[in-house]
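Asker: Below is the structure I would like to discuss, written out as structure tokens.
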Amino acid sequence: MRKTLKSLWNSNAETLSTGPNDPEIDSLFQLIHSNREKICARLNEEEKRVLDHYDDCFATISSLREEEIFIQAFRLGMQLAVAGLCED
């Protein structure tokens, strides 16, 4: 089941991740981008490569966590559905 859910997540991750706009999240993304630009302006090329590597690692961890959250939420949803169907 876990393999099936991972496949479902990976094939639909792009669609699922584009939900309605949240002004608070949009504002935070803008702040992150602005601050990253300020940091990059102060770094030499080697330091920029290290920062890029950090960003790549962070993105990978975030993706793996999102996948795990999807799996756990799907399982919970199915448990709730089954419980609802089995009630007297």
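The values are calculated or read from the model by the stated rules, or taken from the named source; none is laboratory data. This one's a predicted model, so the numbers in the text were calculated from it and none came from an experiment. Virtual Cβ from ideal backbone geometry, glycine too; neighbours counted across all protein chains shown.
Asker: Residues that are surrounded by fewer than 11 Cβ atoms within 10 Å (Cβ to Cβ), assigned to a helix (DSSP H, G or I) and of a type in the set (S, T, N, Q): does region 48-69 have at least one?
Answerer: yes
Asker: Just to be sure, is Ile39 aliphatic (A, V, I, L, M) and either at positive phi or within 16 Å of the chain's Cα centre (by Cα) (or both)?
Answerer: Answer is no for this residue.
Asker: Now for a separate question. All but one of (1) under 30 Å from Gln79 (Cβ atoms); (2) part of a helix (DSSP H, G or I); (3) at pLDDT below 95 hold for Asp26; state the number of the condition that does not hold.
Answerer: Here Asp26 meets the rest and fails (1).
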